[in-house]
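The structure that follows is given in the form of structure tokens.
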Ligand code: SF4
């Protein structure tokens, strides 16, 4: 059984709704996927559904993306069920 005691996600993308000072991600959960998956799925598909998808190979870090990114002020902030913790 995998137990996650504590995790800190550091992120440099400061136009994301979940980004916080100190380059921290304030989302309660995120989903990282391949660029291909991220660009082909709507904003409603995100971490809350992560267990439903088959894992996928990216090949390099340049081919991955944060599917949970949403632009600050976007009308899609509540589209995926991800919550900002602070
Ligand atoms: S949701 Fe993704 S892009 Fe946004 S702050 Fe967190 S890790 Fe960065």
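All of the numbers you see were taken from the coordinates with simple rules; none came from a lab. This one's a predicted model, so the numbers in the text were calculated from it and none came from an experiment.
Test of understanding: express the Cα radius of gyration of the chain as a ratio to 2.2 N^0.38 Å, with N the residue count.
Relative to the 2.2 N^0.38 Å estimate, the chain comes out at 1.09.
As a test of the formula, what do you get for the chain when each DSSP H run with n ≥ 4 contributes -39,500 (n - 2.57) and the sum is divided by the residue count, at 222 nm and rounded to the nearest 500 deg cm²/dmol?
That calculation yields -1500 deg cm²/dmol at 222 nm.
A further question on this structure: In percent, how large is the relative contact order of the chain, given Cα pairs closer than 8 Å and 6 or more residues apart?
Details: 116 pairs, mean separation 31.2, N = 86.
The value is 36 percent.
Rule-of-thumb check for region 33-81: C-alpha Rg over 2.2 N^0.38 Å?
1.17
Once fully extended, how much extra length lies between residue 76 and residue 7, figured as 0.36 nm per residue of separation less the alpha-carbon to alpha-carbon distance?
Taking 0.36 nm per residue and subtracting the Cα distance, the gain is 22.3 nm.
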